[in-house]
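Q: Please find one structure pasted underneath; my questions will follow.
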Amino acid sequence: MRYTIYLFTVILMATACQGIGQSRIIYVPDTAMLANAFETYREQSITNRRFKHADIEPLILVRRGSAVFDVTQLGISVLKKPIYQLQYGTGPKRVMLWSQMHGNEPTATMALMDLFNFLEATGDGLDSIRNLLKTQTSLYFIPMLNPDGADVYTRRNAMDVDLNRDARSGATVEGRILIDAAKTVQPSYAFNLHDMNIYYNVPGTPNPVTIALLAPAYNAERDINDVRGSAMQIAVSMNRILQGYVPGGVAKYDDTYSPRAFGDNFQSWGASTVLIESGGYKGDPEKQFIRKLNFIIILNALIEIAQNSFAQYDINEYETIPFSDSKLSDVLLRHVGASRDSIGYKIDLSINRDEQTDGHDYYVRSRITDVGDLAENYGYTELDAEGYHFLPGKIYPTVFNSIDDVSLEQAMGFLRQGYCAIQLADMPDERHHGLPLVVFNQQAPSPASPNLGRAANFFLARNGVPAYAVVNGYLIDLSATPGEVFKNYVQ
């Protein structure tokens, strides 16, 4: 299906209201204008995903007493961190938006900070949009519903409960805060803002699902009533815009009804609810491009709600958006030659790099996630290794005093000789490093093998000569200088 993408400046069209002698402003979706607004108003103090409650609280509290936002503390988390609501506008269409109910799903929280900057600005030629939102909608934002989880970058709250499975019982303080807020606001529209893992792909393609959309079911039969139908139409509007940025990179999230989930319950409570899941995009590890997409589609959706223009979209178009698949990995190696007990064979290897949070930063630990015939699977990085053989790496015989004693050029030289690991005499205070090597103090890496669950540290060799290295799950072409940033850690 071909989607029309709007690439022109703001168009303000005065049209006669049906049966009324007055005129109203109609805003046509304008991705260029929205993208420019993002670049102007992005919150510069947040540049990576592992920000904490203390990083965003000042951005909220500075707006207390402003003429633009009404800031309210709705309650406190299990570990006594304040949870805030920001209200904008006094219009009749009530909209609730909440983010980071899972602490390790922060992309939309960044976009909300950008949106707050946009909403309180003036004099940039976009005040007519702000006035539209201010007079036609009442927006209720709850950024970072799960501050305890955010501070340690984990999904669940400090009670170890998944907040998105607490809509029915309200057993957690944070879940009860959201339930009570919904009862007070009684929204007609809602946005449930999440991240999903980066290994979802659009079915039958190597394209990662950059954004997944969903109009959640309100019953087990997944019926479509007016409330859910409106959510589907809003999702169609979002998909049309997204196809201009990530063509073939949008899918639907699983719509199996969950009586415990908040999106499903908001839908049943009468709020047309859209789930936005921020997935993966190659070259965007901190999800700053996906943050931009969130800003654009959320702001445009609010404009469409304000003027009711989402009603123009066909629900059948929503049904054409495919459901996401899960056949993507960080690295996929095809036709790797291997041998065991004198038996030679060829296999495909799927490799993932699992993030390990360390304060505001992270490092990765790799593992082989699948072995065998993976013809229908994909990788962010792929290599047809036909003609190459799996070769275990060696430990360089010299012990180094400091990681600073080894340059990138030296590291590449070691790799070309078949050495994938070096040892340090002492454990450094700063264990993060960017060398394409396994670096250890006492815990030497386990011998490599092409087996499920093993760390991905080996070579692909032709006639016994290494041509590619796989170091902690990063694929390195030994004929070139790597340009990738390696998030490695001294073990």
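Q: If you take the residues in the stretch 45-95 that are part of a strand (DSSP E or B), of a type in the set (Val, Ile, Thr) and open to solvent by less than 30 Å² (accessible area, probe 1.4 Å), which one is farthest from Ala108 (Cα to Cα)?
A: Val71
Q: Could you list, in sequence order, the residues of the stretch 61-83 that are closer than 17 Å to Glu120 by Cα, among the hydrophobic types (A, V, I, L, M, F, W, C) and in contact with a helix residue (DSSP H, G or I) (Cβ under 8 Å, 6 or more places away or on another chain)?
A: Those that are closer than 17 Å to Glu120 by Cα, among the hydrophobic types (A, V, I, L, M, F, W, C) and in contact with a helix residue (DSSP H, G or I) (Cβ under 8 Å, 6 or more places away or on another chain): Val68, Phe69, Val71.
Q: Quick one: would you say Tyr468 is in contact (Cβ under 8 Å) with a residue 60 or more places away in the chain, among the hydroxyl-bearing types (Ser, Thr, Tyr) and within 14 Å of Pro392 (Cα to Cα)?
A: yes
Q: Sticking with this structure for a sec: Quick one: count up the residues across the stretch 423-455 that are in a loop (DSSP other than H, G, I, E, B) and touching a residue at least 40 places away in the same chain (Cβ under 8 Å).
A: 20
Yes/no matrix, rows are residues, columns are (1) of a type outside the set (S, T, N, Q); (2) touching a helix residue (DSSP H, G or I) at 6+ places or on another chain (Cβ under 7 Å); (3) modelled with pLDDT of 95 or more:
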| residue | (1), (2), (3) |
| --- | --- |
| Ile290 | yes, yes, yes |
| Gln312 | no, no, yes |
| Gly337 | yes, no, yes |
| Arg340 | yes, no, no |
| Ile351 | yes, no, yes |
| Asp354 | yes, no, yes |
| Tyr362 | yes, no, yes |
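Q: Name the residue that is most open to solvent (accessible area, probe 1.4 Å), counting only residues in the stretch 279-318 that are of a type in the set (D, E, K, R) and touching a residue at least 40 places away in the same chain (Cβ under 8 Å).
A: Lys282
Q: Follow-up question, since we're still on this one. Return the total of residues in the stretch 180-209 being open to solvent by less than 10 Å² (accessible area, probe 1.4 Å), touching a Leu at 6+ places or on another chain (Cβ under 7 Å) and more than 24 Å from Trp269 (Cα to Cα).
A: So the answer is 1.
Q: Further, regarding this structure: Do you know which residues across the stretch 340-369 are aromatic (Phe, Trp, Tyr) and open to solvent by less than 40 Å² (accessible area, probe 1.4 Å)?
A: Matches in the stretch 340-369: Tyr362, Tyr363.
Q: In the stretch 243-260, which residues are among the aliphatic types (A, V, I, L, M) and surrounded by fewer than 22 Cβ atoms within 10 Å (Cβ to Cβ)?
A: Across the stretch 243-260, the qualifying residue is only Val246.
Q: Hey, another quick one. So which residues in the stretch 456-491 are out of contact with any Gly (no Cβ under 9 Å at 6 or more places or on another chain), charged (D, E, K, R) and in a loop (DSSP other than H, G, I, E, B)?
A: Scanning the stretch 456-491 gives a single hit, Glu484.
Q: Quick one: in the stretch 24-38, which of the residues that are touching a helix residue (DSSP H, G or I) at 6+ places or on another chain (Cβ under 8 Å) and open to solvent by 70 Å² or more (accessible area, probe 1.4 Å) is farthest from Asn117 (Cα to Cα)?
A: Going through the qualifying residues, I end up with Arg24.
Q: Take Leu415 and decide whether it is within 18 Å of Ala385 (Cβ to Cβ) and either surrounded by 14 or more Cβ atoms within 10 Å (Cβ to Cβ) or modelled with pLDDT under 95 (or both).
A: The answer is yes for Leu415.
Q: For residues that are in a loop (DSSP other than H, G, I, E, B) and among the polar types (S, T, N, Q), scanning just the stretch 382-411, find the one that is nearest to Pro450 (Cα to Cα).
A: If we take residues in the stretch 382-411 being in a loop (DSSP other than H, G, I, E, B) and among the polar types (S, T, N, Q), then Ser407 is nearest to Pro450 (Cα to Cα).
The values are calculated or read from the model by the stated rules, or taken from the named source; none is laboratory data. On a predicted model such as this, the values are computed, not experimentally measured, just so you know. Cβ coordinates were reconstructed from backbone atoms using ideal geometry, including for glycine residues, and neighbour counts include every protein chain displayed. Protein only, heavy atoms only, side chains kept; ligands, DNA and RNA dropped before computing areas. Shrake-Rupley method; radii C 1.70, N 1.55, O 1.52, S 1.80 Å.
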